[in-house]
Amino acid sequence: MRKIFTSVLVLFPLLAWGQTVGYNWNETTKTLQLGGVDRTRNKSITLPDGATIVLSGENLLDFSAIDSCGFYCEGDLTIQGTGSLKITSNDDAISATGNVTIKDCELSIQTIDAEGIQIDGNLTISNAKVDLDTPEESLYPGGTLTIENNSVVTITSDKDGIDSASDVYISDSEVTITSKSDACINGNVTAKNSTLVLNALGDNNQYDACFDASYGETYSFENCELTLVASNGGSIFSPKYESMMTKAAQLNFPEGVTMENTLCRVEEASSNSYYTAVIGAYTLDENLDITDNLIITEGSTLTIPKGITLTNSGTLANAGTIVIQQGGVMEGEENGEIIRDSATGIEDIEGAKVYAQEGTVYVQTPSRMKVAIVSISGATVARAEQEGLQSYSLPKGIYIICIGEQTFKVRN
């Protein structure tokens, strides 16, 4: 819902700065300071291009009694500070004709009959905590959306959680979206080093999905943890026939989807698919309890480090490698290639010998035996079936060597 406003700057009734609560508007720097404001507004707050809102303390503004947006900026707007701002609005909470940046602060938005943040330009959320609860699209940028730098974004929407006309970039952040209809995210997505939890509740519309892929969007995930839930006729990628999985142990991603070093949990009730998949080299950083299907895709490696427990009470389909480092624990069904790092150093084990010298790892076996070399990050870097002495040129680092049933470490 795009709107054009022509109103002039309208602020609060005069309240001296320096009292317990108040505001201060600096015309020269175009800066509005809010410190402990708590009041109901009967007019929008309109700001000029290049304005900055600086927050301190807790601020609450209620615009629910008016039919126009809460904050409107005639250009670019920055919201920042050490404080928080809660906006209740009948219309859009924040609207702007330019770019909007939200950083280093907390922002909570609840709207009654409109979008949460609707702007014509780019939207950037950096090192901020943002919560939105809206009946329309929660984040509705006309340009790109960037969520970065340890931001935590939580969205509950009756329609699209994120509806971007361009690209969505998520890095080093946590994003949780519940969409009661339409898609959690509409737009191209590139995510790195982030956690995404997407709940598509659906209402039997073909576009009800975690990701709206109906226009050929592309998706790239690297070093991410995904939890994707679809129910009530919804799907992971729309249209619904573009399901992620066709068989119990086979992933089938739509064209344009790439995943690298990512853990992907999927609960797609509409097709009775429940599983957790490892794509690439992924290392658990917390305990993981699997109750349905655990899939290690071909060529992938799941590493369980010291102090971490993987409990598998479901079905394991291991087409890759599971590396259990010393102090790590795996409980439940086991199959496929599992490497246990139980050695504490370089040893001569039953005639097999491993040592490193000048960038080369040497492995000697007394008979023909299978050898696997895995980096400390969990990636399998070499496989062979050898007898006698064999050399492997590898970058400097710590490696886990598996010879038959024996494993131990070597530093190159």
Residue by residue through segment 273-285, what is 3J(HN,Hα) from phi via Karplus (6.51 cos²θ - 1.76 cosθ + 1.60, θ = phi - 60°)? Round to whole Hz and write x for glycine and proline. 10, 9, 7, 10, 10, 10, 10, x, 9, 10, 10, 5, 10
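Take the Cβ-Cβ distance between Q390 and N272 as r, set R0 to 56 Å, and report the resulting FRET efficiency rounded to the nearest 0.05.
Numbers: r = 47 Å, r/R0 = 0.84.
Working from the Cβ atoms, E equals 0.75.
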One quarter of the C-alpha convex hull surface, i.e. the mean projected area of segment 271-390 in nm², amounts to 8.3
Explain nothing, just the number: dipole magnitude of segment 141-226 about its Cα centre with +1 on each Lys and Arg Cβ and -1 on each Asp and Glu Cβ, in debye rounded to the nearest 20. 40
For semi-axes √(5λ) of the Cα gyration tensor in Å, several values are listed as [x] 52, 24, 16; [y] 38, 23, 22; [z] 118, 32, 20; flag the one computed from this structure. [x]
Give the accessible surface of the chain per residue, rounded to a whole number of Å², with probe radius 1.4 Å and ligands, DNA and RNA excluded. 43
Using a 1.4 Å probe on the protein chains only, how many percent of the accessible area of the chain belongs to carbon and sulfur? 43
Name the residue farthest towards the positive end of the dipole of the chain from the options S138, T195, A230, assuming +1 on Cβ of Lys and Arg, -1 on Cβ of Asp and Glu, about the Cα centre. T195
If each of S377 and D203 carries a label point 7 Å out from its Cα toward its Cβ, how far apart are those two points in nm? 4.5
Just name one of T407, Q390, I119: the one whose Cα is farthest towards the positive end of the charge dipole of the chain (beta-carbon charges, Lys/Arg +1, Asp/Glu -1). Q390
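Relative to the Cα centre, what is the charge dipole magnitude of the chain, using +1 at the beta carbon of each Lys and Arg, -1 at the beta carbon of each Asp and Glu, and rounding to the nearest 20 debye? Mind dumping the intermediate values first?
Numbers: 24 positive and 55 negative charges, 173 e Å.
Dipole magnitude for the chain comes out near 840 debye.
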Projecting each Cα onto the charge dipole of the chain (Lys/Arg +1, Asp/Glu -1 at the beta carbon, about the Cα centre), which of I304, V374, T258 comes out farthest on the positive side? V374
Pull up the cross-link candidates among the aspartates and glutamates for K129, meaning alpha carbon to alpha carbon under 17 Å and not fewer than 8 places away within one chain. E58, D104, E106, E148, D172, E174
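Please sort 329-339, 41-51, 75-85, 387-397 by packing, taking for each peptide the average over its residues of neighbouring beta carbons within 10 angstrom, highest first. Could you put the intermediate results ahead of the total?
Working: 329-339: 14.9, 41-51: 17.6, 75-85: 19.7, 387-397: 12.1.
Order by mean packing, descending: 75-85, 41-51, 329-339, 387-397.
The values are calculated or read from the model by the stated rules, or taken from the named source; none is laboratory data. Everything quoted here is computed from the prediction, not taken from an experiment. So basically every Cβ, Gly included, is an ideal-geometry build from the backbone, and we count neighbours across all protein chains shown. Quick note on the areas: whole protein, heavy atoms, side chains included, nothing else; ligands and nucleic acids left out. Shrake-Rupley method; radii C 1.70, N 1.55, O 1.52, S 1.80 Å.
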